[in-house]
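Below is one structure, written out as structure tokens, with a few remarks after it.
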Amino acid sequence: MRILISAKILVLTVGLLFPLTAASFIDGVYRSPEQKPVDSQLKVQVGDVSPDFTLPCICGEDITLSQYRGRKNVMLSFVPAAWTPVCSDQWPGYNIVEDYFARHDAIILGISVDSVPTLYSWMQAMGGLWFPVLSDFWPHGEVAEKFGVLRTDGTAERAVVLIDKQGVIRFVHVEDINVRPRLELLINALEDLPG
Amino acid sequence: MSTLKMGRSDLPSLKRVLICVPVILAVCLLIWNRPGFAANIFPDLELPVPDSPGQVEYLGFSDRMEKTFILKDINAQLALVQIFSMYCPVCQREAETVNRLCHLIAEQGLEGQIKVLGIAPGNSEFEVSVFQDNYQIPFPLFPDPDFEWHKLIGEVGTPYFLTVRISDGQILKTHKGPFGPPQEFLEFLKKLLDGADPA
């Protein structure tokens, strides 16, 4: 009987410990379950003049899209939520392609529906990014909704919108929320921008 | 003042705990040190022979006619396989250290005995090439866009390192995260070359 109880304790303890060891490879990241790939209806298309917006940046300023008009091409990168695995594994990759964006006179604006403090802590954990990260937290998801990329659960789609210096949308892509958009997709869109 | 007292009836429980704890710790350590549930033999999946003449030469495939290879085809004693991602900030920070290790291996005349290569789960060929160019990686990197390798290796986090004995594919050691000073890691690899117990 005692052996049986000991065996149960052993099995339960190992069962409890194993998920912790497996998850700890990605520190502090919530492991979200598989989700419906796309859960919104786009409200913009290529050729439209982009809706304008102003959002607070984790850098401490408000950023308005139209402030880049005539100066920079802008790639909006919407991600669903901070501290989730795919999102945490997307923007850091853009850190090593800053030169591609510079070559095309382009900037990224990262946007999530999380609050500024949450986004700030998340960015710190990722080691920082070269581009501004904006909070679409309040009114909740208003900008995502303008573009038609707000999901029914209040998170944003994993979406990319490329806007040229004239403020015209040149590329829109809504990726399956469960995967990362291929980098070449974004680079090709940059290369297709009118000179 | 309260005092914790232990009666005779508590002794069997204590004994059980004393027996269980080391066993549980041993099992946990075993699990921790293994690449997920994968076997400790490196899988025999095929990799493409690289296009770059320098990398073909590095792997010793200058005369190879086949377009693919398995690890056992490499004429060396040990392979250090890095599981990485272009998107992983730790892998980005670690790139210079792994490069340094690779250069130390060459400088100490061990390039014929130890080969380094990288596999990138979830990365496309383009993404791998961006990483390779950005950090001037001197060893071959292979994309694993559909996570085929990743599943076989045990869906490990990145960066992750497997030291493999090439002759029989035995995984001698795994390491997650940065491996510290490259010279120290090389000393460890040299001990393995001398036949030391990896533990």
Among the residues of the range B:77-91 satisfying the criterion of being surrounded by fewer than 22 Cβ atoms within 10 Å (Cβ to Cβ) and modelled with pLDDT under 95, which is farthest from the other protein chains (Cβ to nearest Cβ)?
B:Val90
Top-ranked residue of the range A:148-167 - restricted to ones that are within 15 Å of the chain's Cα centre (by Cα) and not in a strand (DSSP E or B), ranked as surrounded by the most Cβ atoms within 10 Å (Cβ to Cβ):
A:Val149
Restricted to the range A:168-195, and to residues that are away from every other protein chain (no Cβ under 14 Å) and not in a strand (DSSP E or B), which residue is least open to solvent (accessible area, probe 1.4 Å)?
A:Ile177
Scanning the range A:74-86 for residues that are within 14 Å of chain B (Cβ to nearest Cβ) and not polar (S, T, N, Q), which turns out farthest from A:Val174 (Cα to Cα)?
A:Pro85
Pick from A:Arg158, A:Arg151: which is within 14 Å of chain B (Cβ to nearest Cβ) and over 20 Å from A:Thr64 (Cβ atoms)?
A:Arg158
Hey, among the residues in the range A:93-104 that are exposed (fewer than 14 other Cβ atoms within 10 Å of the Cβ) and of a type outside the set (A, V, I, L, M), which one's nearest to the other protein chains (Cβ to nearest Cβ)?
A:Asp99
Among the numbered conditions (1) touching a residue at least 12 places away in the same chain (Cβ under 8 Å); (2) within 14 Å of chain B (Cβ to nearest Cβ), tell me where A:Ile111 comes up short.
(2)
Could you tell me whether A:Asp89 is under 11 Å from the mean Cα position of the chain (by Cα), within 14 Å of another protein chain (Cβ to nearest Cβ) and open to solvent by 10 Å² or more (accessible area, probe 1.4 Å)?
yes
Within the range B:49-59, which residues are assigned to a loop (DSSP other than H, G, I, E, B) and surrounded by fewer than 16 Cβ atoms within 10 Å (Cβ to Cβ)?
B:Asp51, B:Ser52
Please find, within the range B:131-145, the residue that is nearest to the chain's Cα centre (by Cα) out of those that are more than 16 Å from B:Glu96 (Cβ to Cβ) and within 12 Å of chain A (Cβ to nearest Cβ).
B:Pro143
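Condition check ((1) under 30 Å from A:Pro33 (Cβ atoms); (2) open to solvent by 20 Å² or more (accessible area, probe 1.4 Å)) across all residues:
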position: A:Lys72; (1), (2): no, yes
position: A:Pro80; (1), (2): yes, no
position: A:Met123; (1), (2): yes, no
position: A:Leu129; (1), (2): yes, yes
position: A:Phe137; (1), (2): yes, yes
Flag if B:Gly109 is open to solvent by 20 Å² or more (accessible area, probe 1.4 Å), more than 14 Å from chain A (Cβ to nearest Cβ) and either within 19 Å of B:Gln183 (Cα to Cα) or without any contact (Cβ under 8 Å) to a residue 12 or more places away in the chain (or both):
yes
Run down B:Lys173, B:Lys191 and say which single residue is open to solvent by 30 Å² or more (accessible area, probe 1.4 Å), outside any loop (DSSP other than H, G, I, E, B) and out of contact with any strand residue (DSSP E or B) (no Cβ under 6 Å at 6 or more places or on another chain).
B:Lys191
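The values are calculated or read from the model by the stated rules, or taken from the named source; none is laboratory data. Keep in mind that this is a model prediction, so the values were computed, not measured. FYI the Cβ positions are ideal-geometry reconstructions off the backbone, even for glycines, and counts take in every protein chain you see. For accessibility, only protein heavy atoms count, side chains too; no ligands or nucleic acids. Shrake-Rupley method; radii C 1.70, N 1.55, O 1.52, S 1.80 Å.
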